[in-house]
Each structure stands twice: as C-alpha cells, then as structure tokens.
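Notes for the one structure printed next.
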Amino acid sequence: MAEGDNNSVYQLASETASLEEHLQGWGEVILMTDKVLRWERAWFPLALMSVVSFSFLMIYYLDPSVLSGVSCLVMFLCLADYLVPALAPRIFGSNKWTTEQQQRFHEICSNLVKSRRRIVGWWKRLFTLKEEKPKMYFMTMLFTLAVVAWIGQQVHNLFLTYLIVSFLLLFPGLNQHGIITKYIGMAKREINKLLKHKEKKNE
C-alpha cells in the first residue's frame with residue numbers, strides 16, 4: 001500500500017515537473033491570471049466580468065458563423081502561443097521571480113495535474129458503470145442529456161455559454177473567499193431543518 005502511494009506521489013511530481021517545464025514561457029501570465037481569478041484585489045471581479053461581457057457583446061453584435069468563430073479562436077490561440085513566451089519576459093521581467101512566485105507556479109501546475117487526473121478518473125468510472133451496470137448507465141445518460149437538451153432549448157445558446165463561462169471564471173474567487181462554502185452550509189442547514197420538521201410531523 002505504501003509502495004503504491006509512493007509511486008502515485010512520484011508520478012504526480014513527475015507530471016507536475018513536466019507541466020511546469022512546458023508552461024514556463026507562460027509563467028508570468030499564469031501567475032497574473034491566478035491573481036485575477038482569486039480576486040487578490042477588490043476590483044478584479046468587476047474587471048473580469050467587464051471583459052467577459054464585452055467579449056460576448058462583440059460576438060453577439062458580429063454574429064459570426066460557426067466556422068468563422070472557430071477559425072478566429074484558433075488564430076487567436078496560435079498568436080498567443082507564439083507571442084506570449086516572447087513578450088512576457090520583457091513585460092513582466094521573468095528574471096525577478098521570487099521564491100513565493102515560484103512556489104505558487106508549482107502549486108498551480110500541481111492543481112492542474114490533479115484536475116486532469118480527476119477528469120480522467122470520472123471518465124473511467126463512467127465506462128466502468130457502463131460495463132457493470134449498463135441499465136443504470138443508459139438511464140443516467142438519457143436523463144442527463146434530456147435535461148441538457150431541454151435547458152439548451154429554453155435558453156439562448158450564446159447567453160447560456162456566457163453564464164457557464166462567467167461561473168467558471170468566478171468560481172476560483174468565490175471558492176477562495178469562502179462564498180461557496182458559506183452558501184452550501186446555509187443550504188445544508190435549511191435542508192436539515194426541513195428534514196427535522198418533517199420527522200416531527202411524522203411523529
């Protein structure tokens with residue numbers, strides 16, 4: 001058991017080191033993005049939502065076709081991949097990295113590797129469910145996809161995408177400041193109150 005744990009830790013460290021090396025050119029941008037997403041300053045959430053809202057308003061105004069939208073997105077990613085590693089050191093000064101910044105960069109890469117592992121784990125569990133309990137798998141997938149299709153039919157595609165993107169970008173800050181934990185705790189307390197009230201009625 002201990003040997004398996006050691007192998008897992010070693011593999012995690014190896015994957016993290018590999019990712020750090022791969023993203024080294026993006027280090028300054030990643031650290032700045034991390035600060036914005038975690039709301040290190042009070043005006044970061046407003047700035048973040050302003051940029052997202054402006055971007056989606058431009059998409060709504062221009063109304064590009066799917067092919068044009070995908071082409072522009074890929075073109076933007078290619079430009080970023082070429083320009084960011086070259087310009088970031090001049091703008092941010094990568095030679096001035098502190099131990100704290102290096103440690104934070106390491107934590108971010110480690111969290112990305114762990115997130116990737118969780119996604120792969122969920123994917124494997126889904127196929128395990130398909131093999132072991134095909135009926136449950138079929139009913140779960142059918143119900144989930146039907147709900148998603150119904151939501152997509154009720155809400156405009158672009159607005160739904162805007163809500164999803166906004167939530168994903170705000171989630172790290174909400175989690176960092178304990179807002180999600182706070183409201184989850186409130187929801188749990190209300191549910192417990194309802195259950196206790198129901199039990200008293202049954203008695």
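The values are calculated or read from the model by the stated rules, or taken from the named source; none is laboratory data. A quick note: this is a predicted structure, and the numbers were derived from the prediction, not measured. Cβ atoms come from the backbone with ideal geometry, glycine included; neighbour counts cover every protein chain shown. When the accessible area is computed, the model is the full protein with side chains, heavy atoms only, and any ligands, DNA or RNA have been set aside. Shrake-Rupley method; radii C 1.70, N 1.55, O 1.52, S 1.80 Å.
Beta carbons closer than 8 Å, at least 6 apart along the sequence or on distinct chains, never pair a first residue in the stretch 15-35 that is under 13 Å from R104 (Cα atoms) with a second that is among the acidic types (D, E) and open to solvent by 70 Å² or more (accessible area, probe 1.4 Å). Considering only the stretch 14-72, state which residues are among the charged types (D, E, K, R) and either over 28 Å from P89 (Cβ atoms) or assigned to a helix (DSSP H, G or I) (or both). Answer for the stretch 14-72, where residues must be among the charged types (D, E, K, R) and either over 28 Å from P89 (Cβ atoms) or assigned to a helix (DSSP H, G or I) (or both): E15, E20, E21, E28, D34, K35, D63. Against the numbered list (1) open to solvent by 40 Å² or more (accessible area, probe 1.4 Å); (2) modelled with pLDDT of 85 or more, V9 comes up short only at (2).
Here is a yes/no grid of residues against (1) assigned to a helix (DSSP H, G or I); (2) open to solvent by 90 Å² or more (accessible area, probe 1.4 Å); (3) without any contact (Cβ under 8 Å) to a residue 40 or more places away in the chain; (4) small (G, A, S):
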position: G121; (1), (2), (3), (4): yes, no, yes, yes
position: R125; (1), (2), (3), (4): yes, yes, yes, no
position: E131; (1), (2), (3), (4): yes, yes, yes, no
position: L160; (1), (2), (3), (4): yes, no, yes, no
position: N175; (1), (2), (3), (4): yes, no, yes, no
position: K182; (1), (2), (3), (4): yes, yes, yes, no
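So which residues in the stretch 66-109 are open to solvent by 90 Å² or more (accessible area, probe 1.4 Å) and among the charged types (D, E, K, R)? Those that are open to solvent by 90 Å² or more (accessible area, probe 1.4 Å) and among the charged types (D, E, K, R): D81, R90, K96, E100.
Among the residues of the stretch 155-182, those that are touching a helix residue (DSSP H, G or I) at 6+ places or on another chain (Cβ under 9 Å) and either more than 21 Å from V51 (Cβ to Cβ) or acidic (D, E) (or both) comprise V155, I180, T181.
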